[in-house]
Amino acid sequence: MNRAPELARLVRFYEGIERGSLRAHIERIYAPDAQFKDPFNEVRGAGPIVAIFAHMFEQVEQPRFVVTSTVLQGDDAFLTWEFLFRMKRFSTAPQCIRGATRIRFDASGAVMTHRDYWDAAEELYEKLPILGSVMRWLKRAANK
């Protein structure tokens, strides 16, 4: 089955993500028992997935995803993206995390599996004031 319409709907959701419509969009796009995993979370179910995205809005200002590429093969999709935001603490400078997501659609076209891949050390920890200097020092020491 061609999942291009489902993938396009998912990309529109990510790129237009809004706090007020999270639950409605996630319940329409994700299966009720969908699995979600990223470097910080591993949950099952639309409710916990809504909570992860809601938490994002609590932690950062102006969160926005830009999907830079997609690959679709059968029920599997792979997306690369940039997550743009400003931290509420530490620094208000614009930030960007680059990553990728593997999606698996179920028979009805709902997202059944969502797995994010991104390097938390390079993309996040190195940007934090104290932890960042320690992470950069460790990286330099490992490269000697």
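What follows is calculated from the coordinates using simple rules that are stated; it is not laboratory data. No experiment lies behind these values; they were computed from the predicted model shown. Don't worry about glycine lacking a Cβ; one is built from the backbone with ideal geometry, like all the others, and counts go over all protein chains shown.
Please give the charge dipole size of region 2-117, origin at the Cα centre, charges +1 on K and R Cβ atoms and -1 on D and E Cβ atoms. Round to the nearest 20 debye. That gives region 2-117 a dipole magnitude of about 240 debye.
Applying both filters, DSSP loop and at most 13 other Cβ atoms within 10 Å, to the chymotrypsin sites (Phe, Trp or Tyr not before Pro) of region 19-70 gives 40. Dividing the alpha-carbon radius of gyration of region 1-100 by the rule-of-thumb value 2.2 N^0.38 Å gives 1.10. Spin-label model, residue 98 to residue 144: label points 7 Å out along the Cα-to-beta-carbon direction sit 2.8 nm apart. Among the GluC sites (Glu not before Pro) found in region 1-85, those both in a DSSP coil and sparsely packed, with 16 or fewer other Cβ atoms within 10 Å of their Cβ, are 18. Here the gap between residue 19 and residue 4, fully extended at 0.36 nm per residue and compared with their Cα-Cα distance, gives a gain of 2.9 nm.
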